[in-house]
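What follows is calculated from the coordinates using simple rules that are stated; it is not laboratory data. Since this is a predicted model, take the numbers as computed values, not measurements. Please note: Cβ atoms are built from the backbone with ideal geometry, for glycine as well, and neighbour counts cover all protein chains shown.
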Amino acid sequence: MIFGWPKTPNAYVSVTDQYVFVFVCAFAYFAFFNACYSNPGIVNITNAEKVNKLFDHDYLIFSPKMCSTCLIDKPARSKHCSLCKVCVAKADHHCAWSGCFRKTVLYPFPYVFFITVNNCVGHNNYRYFLLFLVGTWILCFYMTYIVSCVLLNEIKIHNVARYLVIDPKTNQRRQITQTEVYLFMAQSQAVLTALAVSGCKWQNSQRIF
Ligand SMILES: [Zn+2]
Ligand SMILES: [Zn+2]
């Protein structure tokens, strides 16, 4: 956004795209921070009875037993998280990438706080976690499209495709090739080209599914 925004709107990116992009970003971050900071469904002595009524014990995987740490009757499908040190209802997993800015013994270095969501994903916040995954997926595709359009516009307004270059082998002037256009853009718009190329690479890798 920081590098691409000043170059929009243009011939390829409309004002509508700008608003849609901001909306998609806000959606992904809204879901992300909710997944980070919401209560995942902590089971304690006051709500244990209520949570126990949510799911029946199947006596195969989940049998009635007590959590030796929390000293409560463990509800079916709950799990004691050794990182959060609580029992979590309908526990899915402890997400190290969803606890941004939260301090835990696992992340003692301040700079790591900026890139992690360190929170459990359970009954109360798994919807936000799924929205975060979907939002990030949409954002990745949409960002690649917008950044590619911005680069295309840069190539057009600077007439890069018509540049003449001196061939190092023949020492003669010739038309710039498509690869050289990409290399030129990588040099003049390094961040945007890196974003577009990494987005395309990632999307290509998803095609195996
Ligand atoms: Zn517990
Ligand atoms: Zn946890």
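Remarks
- Within the stretch 1-34, the set of residues being of a type in the set (D, E, K, R) and over 15 Å from F141 (Cα atoms) comprises K7 only.
- Qualifying residue in the stretch 158-174 (condition: buried (at least 16 other Cβ atoms within 10 Å of the Cβ), on the phi < 0 side of the Ramachandran plot, without any contact (Cβ under 8 Å) to a residue 60 or more places away in the chain and among the β-branched types (V, I, T)): yes
- If you go through the stretch 10-46 and keep only what is surrounded by 13 or more Cβ atoms within 10 Å (Cβ to Cβ) and either in contact with a Leu (Cβ under 7 Å, 6 or more places away or on another chain) or in a loop (DSSP other than H, G, I, E, B) (or both), you end up with N10, Y12, V13, S14, V24, C25, A28, A31, S38, N39, P40, G41.
- Residue count for the stretch 52-74, restricted to those that are more than 16 Å from ligand 2 (Cβ to nearest atom) and not in a strand (DSSP E or B): 16.
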